[in-house]
């Protein structure tokens, strides 16, 4: 029944009868796996977003299964078409009387729909009910912030179509969005300077040894984002970028990559990372996004703590500062938040600083 070579080998090696059987089994298993892959396809198949010339490594690989699944939080989004008359009828007169200054002139019907949506988007069931409640006061500010993001920063929020943003872009059904950040430097009070922020594993450094103060240095304090000079042994002057700034920049770039689920060549050219004349189109979008986030933090979020609007339990653990935003607050690991879902077409109240409220009702 068995091949002659097996009988001979078995006779010559009576103490090791399993070797050939294991070999035959392994070969058979490999053939079986190959047959499955040919029949059913590659379960971990990938595709690439080509960002530069082929052969230069300028591509962003992604699993096809991830692209097909999309952002799972998109299913929780409440669109205007999903709001019923029963939903708006349940909104109290007290809530309808609390109209944010940014929405003055809105009709009661449209505002009732807005309240229903905002309560769903933020997971706060009594939002706008009490004008003295800090969450209502924050909502007033956030409406103005969203209008600014859609109107003044459309070059970033509408870069690939009229997607825009609304409360759900960041909140995803939670009162406090994920991926916010606070100031934490120095991380180690027993050291000073560079040692107090480097090699300190923190969420701000993406749990790496890179500096933990990159977000506050670049997205709050608006320091210059630079890596190095092209010449060696440059005679630097006070205020010039140093190698510490380079590592802070690497920390910020690492944060960018994780926030959008991409790699370096999504924005940069592999032949000249330093040259803005050879970057990809995404580089300008990201650069505008940096300025947008700086504006968002400085004008809209930081004042929430400075003006005493937020309670103590919503402030940062070290400096009692307001929660701040960055790329991951909206993107949450995807190139386009919520897959590029249109967030403003049926909410003209949030699309423009001076919206046309006549189109707001169903």
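Which of (1) exposed (fewer than 13 other Cβ atoms within 10 Å of the Cβ); (2) in the same structural domain as residue 343 (by TED's automatic domain parsing); (3) modelled with pLDDT under 95 is the odd one out, the single condition residue 69 does not satisfy?
Answer for residue 69: the failing condition is (2).
Got a sec? Which of 244, 237 is at pLDDT below 85, more than 26 Å from residue 67 (Cβ to Cβ), surrounded by fewer than 16 Cβ atoms within 10 Å (Cβ to Cβ) and in contact with a helix residue (DSSP H, G or I) (Cβ under 6 Å, 6 or more places away or on another chain)? Let's see the steps before the verdict.
Working: 237 fails: in contact with a helix residue (DSSP H, G or I) (Cβ under 6 Å, 6 or more places away or on another chain).
On inspection, the qualifying residue turns out to be 244.
Quick check on the range 86-123: of everything there that is surrounded by 17 or more Cβ atoms within 10 Å (Cβ to Cβ) and outside any helix (DSSP H, G or I), which residue is nearest to the chain's Cα centre (by Cα)?
Out of the qualifying residues, it is 100.
Hey, among 232, 212, which residue is surrounded by 13 or more Cβ atoms within 10 Å (Cβ to Cβ), part of a loop (DSSP other than H, G, I, E, B) and assigned by TED's automatic domain parsing to the domain that holds residue 272?
212
Consider only pairs whose beta carbons are under 7 Å apart and that are at least six residues apart or on different chains; among these, list those whose first residue lies in the range 252-281 and is on the phi > 0 side of the Ramachandran plot and assigned by TED's automatic domain parsing to the domain that holds residue 206 and whose second residue is buried (at least 20 other Cβ atoms within 10 Å of the Cβ) and part of a helix (DSSP H, G or I).
No pair meets every condition.
Take residue 315 and decide whether it is assigned by TED's automatic domain parsing to the domain that holds residue 115 and closer than 21 Å to residue 176 by Cα.
No; evaluated as a whole, the condition is false for this residue.
How many of the residues in the range 148-174 are touching a residue at least 24 places away in the same chain (Cβ under 8 Å), over 16 Å from the mean Cα position of the chain (by Cα), surrounded by fewer than 21 Cβ atoms within 10 Å (Cβ to Cβ) and assigned to a helix (DSSP H, G or I)?
Going through the range 148-174 one residue at a time, the tally reaches 3.
The values are calculated or read from the model by the stated rules, or taken from the named source; none is laboratory data. Because the structure is predicted, anything quoted here is derived from the model rather than measured. Glycine gets a Cβ as well: all are built from the backbone with ideal geometry, and neighbour counts include every protein chain shown.
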